[in-house]
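The values are calculated or read from the model by the stated rules, or taken from the named source; none is laboratory data. A quick note: this is a predicted structure, and the numbers were derived from the prediction, not measured. Cβ atoms come from the backbone with ideal geometry, glycine included; neighbour counts cover every protein chain shown. Quick note on the areas: whole protein, heavy atoms, side chains included, nothing else; ligands and nucleic acids left out. Shrake-Rupley method; radii C 1.70, N 1.55, O 1.52, S 1.80 Å.
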Amino acid sequence: MADKLNVITISGSLRKGSYNSALASQLPKWAPEGMSITAAPAWADLPVYNADVQNTSGFPAAATALADAIRAADGVVIVSPEYNYGVPGGLKNAVDWLSRMKDQPFKDKPVAIQSATGGPMGGGRMQYQLRQAMVFLNAFTFNTPEIFVGSAHTKFSDKMEFTDEAGINFIKQQLAGFEVLIRKLTGK
């Protein structure tokens, strides 16, 4: 059998009761047999990006740890809400820190995107903005199937378990396709 792929998840939400973090934490049980999925290091403590800070103090430890984890991973799944029609500020800030590093961590990295929102659209605008940033960073963004979990509050149990069977099947399809993309790009 081929090598097991190492995939990490990044939740774009810092909220304690986040549907996106809950969804990301459940991905391992829907992953194909040849894929291991774990959470990326925490990035909540990153200061707002400032080139003056970077030039005087270097990169914060949280940015370095996240970059190292992305570099070591075969692929990344970003699961994020949509805030005000776009990428949440915290996630965008983390991407901004990472984008300034030599040996750019997203360069040539397979990236899949998922989103869960309280509204009916499911985070499509956030996904398209994030895809633009990933194009600039030369990541290989997985295209379809796209995962948009709209009206998330109706699709999670009281214990934050994702219960939407149709959504689970789409996620399984996405992860299976993502495995194919990663193996094609990495030769693993």
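Before moving on, here are some points about what is shown:
- Going by accessible surface with a 1.4 Å probe and the largest first, LYS155, LYS29, LYS172 read LYS29, LYS172, LYS155.
- Database remark: amide H of ILE147 closer than 5 angstrom to the amide H of SER115 (H placed geometrically; neighbours at sequence offset of 5 or more, or on other chains; Pro and chain starts carry no H).
- Whole-number percent relative contact order across the chain, with pairs defined as alpha carbons under 8 Å at least 6 apart: 24 percent
- Among PRO32, PRO120, PRO88, residue whose mean-square fluctuation peaks in a GNM of the chain (springs only between Cα atoms under 10 Å): PRO120
- Backbone amide hydrogens, once placed in the peptide plane, bring PHE140 within less than 5 Å of ASP108, LYS109, VAL111, excluding anything fewer than 5 places away on its chain.
- Entries in LYS4/LYS172; LYS29/LYS107; LYS4/LYS102; LYS109/LYS155; LYS109/LYS172 that, when Cα-Cα distance is taken, lie over 24 Å: LYS29/LYS107; LYS4/LYS102; LYS109/LYS155
- Residues considered: ALA133, ALA31, ALA61. Largest GNM mean-square fluctuation over the chain, using C-alpha springs under 10 Å, is found at ALA61.
- Candidate values (1) -0.45, -0.64, -1.22, -1.35; (2) -0.50, -0.69, -1.23, -1.33; (3) -0.57, -0.75, -1.17, -1.26 were compared with log10 I(q)/I(0) by the Debye sum over Cα atoms at q = 0.11, 0.13, 0.18, 0.19 Å⁻¹ computed on the shown model; the agreeing label is (1).
- With all protein chains in place and a 1.4 Å probe, the accessible surface of the chain carries 54 percent carbon and sulfur.
- Inter-part distance where the stretch 1-26 and the stretch 144-188 are each reduced to a Cα centre, Å: 11 Å
- Estimated vicinal HN-Hα couplings, Hz - the stretch 128-143 in sequence order (Karplus 6.51, -1.76, 1.60; Gly, Pro = x): 5, 5, 5, 4, 4, 5, 5, 4, 4, 7, 6, 7, 9, 7, 5, 8
- Under Karplus coefficients 6.51, -1.76 and 1.60, residue-wise ³J(HN,Hα) of the stretch 24-38 in Hz, glycine/proline x: 4, 5, 9, 4, x, 6, 9, 6, x, 4, x, 10, 10, 10, 9
- Under 5 Å from the amide H of ALA31 lies no amide H of any residue 5 or more positions distant or on a separate chain, with H modelled from the backbone and absent for Pro and chain starts.
- Rounded to whole numbers, the Karplus 3J(HN,Hα) couplings from phi for the stretch 52-61 are 5, 5, 4, 6, 9, 10, x, 8, x, 4 Hz, using 6.51 cos²θ - 1.76 cosθ + 1.60 with θ = phi - 60°, and x at Gly and Pro.
- Take 157-167, 106-116, 36-46, 68-78 and order them by the average number of nearby Cβ atoms within 10 Å per residue, most first; the result is 106-116, 68-78, 36-46, 157-167.
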